[in-house]
Amino acid sequence: MTYCGFFLNVCLEAKDWLNLWIAIFALLVSFFSLIVTIRYASKSFRPIVTAAVKTHSGGNEAIIYNLVIKNSGSIPARQVRIQVEENQLAQAFGADSCDEHYRRIWLACFSSSNEVSLLQNGDSVSCSFGTTKGGNQGFWRYGASIAVTIRYQSWFGRQYCEEQILKIRDSDSFTGYLWG
């Protein structure tokens, strides 16, 4: 009987230790889960601002473009600016890019004075962005790439800086061919 009582006591103590270790393990898993959740929430609870060259209209002679800035994030973006280096633009210019009037109009989006003060989540804003014509005619060279930097703030003041490539091509067709 004493041997059985001793064995029962040891089993009860072992059961208490097992319960304690299970509770500690559950606490560690919960803490790790909290850290992962906070990390991913901080990455997804933010504005995500992108820019793209979109076709405004096109025909058999020329394509007219808009530059579209979109916030696809979950909170508004403030003070959105697009910056570009002059050599990036020079590589993308077409034969008709010498006209100072069109340069002022179509490159105004890169001016530091033309920032988007507030861009709500899910919204977009656009501006005119030049033309292409057959060959290298037009303001832009068809198929050219322009590396830009998009700088913006979240609603709570956190700064973001994203590098992106703008591609000068018809956005209505990814191959360049359409019906009609």
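So here's what we get for this one:
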{"quantity": "Members of the range 111-134 that are open to solvent by less than 70 Å² (accessible area, probe 1.4 Å), part of a loop (DSSP other than H, G, I, E, B) and among the hydroxyl-bearing types (Ser, Thr, Tyr)", "calculated": "SER111"}
{"quantity": "1 or more residues open to solvent by 50 Å² or more (accessible area, probe 1.4 Å), closer than 20 Å to GLY157 by Cβ and in contact (Cβ under 8 Å) with a residue 24 or more places away in the chain: qualifying strands (runs of 3 or more DSSP E) within the range 36-102", "calculated": "77-84"}
{"quantity": "Any hit, the range 56-75, residues being of a type in the set (Phe, Trp, Tyr) and either within 18 Å of GLN164 (Cβ to Cβ) or in contact with a strand residue (DSSP E or B) (Cβ under 9 Å, 6 or more places away or on another chain) (or both)", "calculated": "yes"}
{"quantity": "Only listed residue being touching a helix residue (DSSP H, G or I) at 6+ places or on another chain (Cβ under 6 Å) and at pLDDT 90 or above, chosen from VAL84, VAL116, VAL125", "calculated": "VAL84"}
{"quantity": "Members of the range 31-69 that are of a type in the set (Ser, Thr, Tyr) and within 18 Å of the chain's Cα centre (by Cα)", "calculated": "TYR40, SER42, SER44, THR50"}
{"quantity": "Complete set of residues in the range 142-178 that are β-branched (Val, Ile, Thr), in a loop (DSSP other than H, G, I, E, B) and closer than 21 Å to SER111 by Cβ", "calculated": "ILE168"}
{"quantity": "In the range 96-117, the residues that are under 23 Å from the mean Cα position of the chain (by Cα) and polar (S, T, N, Q)", "calculated": "SER111, SER112, SER113, ASN114, SER117"}
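The values are calculated or read from the model by the stated rules, or taken from the named source; none is laboratory data. What you are looking at is a predicted structure, and each value in this text was computed from that prediction instead of being measured. Methodologically, a virtual Cβ is constructed for each residue, glycine included, from the backbone with ideal geometry; neighbour enumeration extends over all protein chains shown. These area figures cover heavy atoms from the full protein model, side chains too; ligands, DNA and RNA do not enter into them. Shrake-Rupley method; radii C 1.70, N 1.55, O 1.52, S 1.80 Å.
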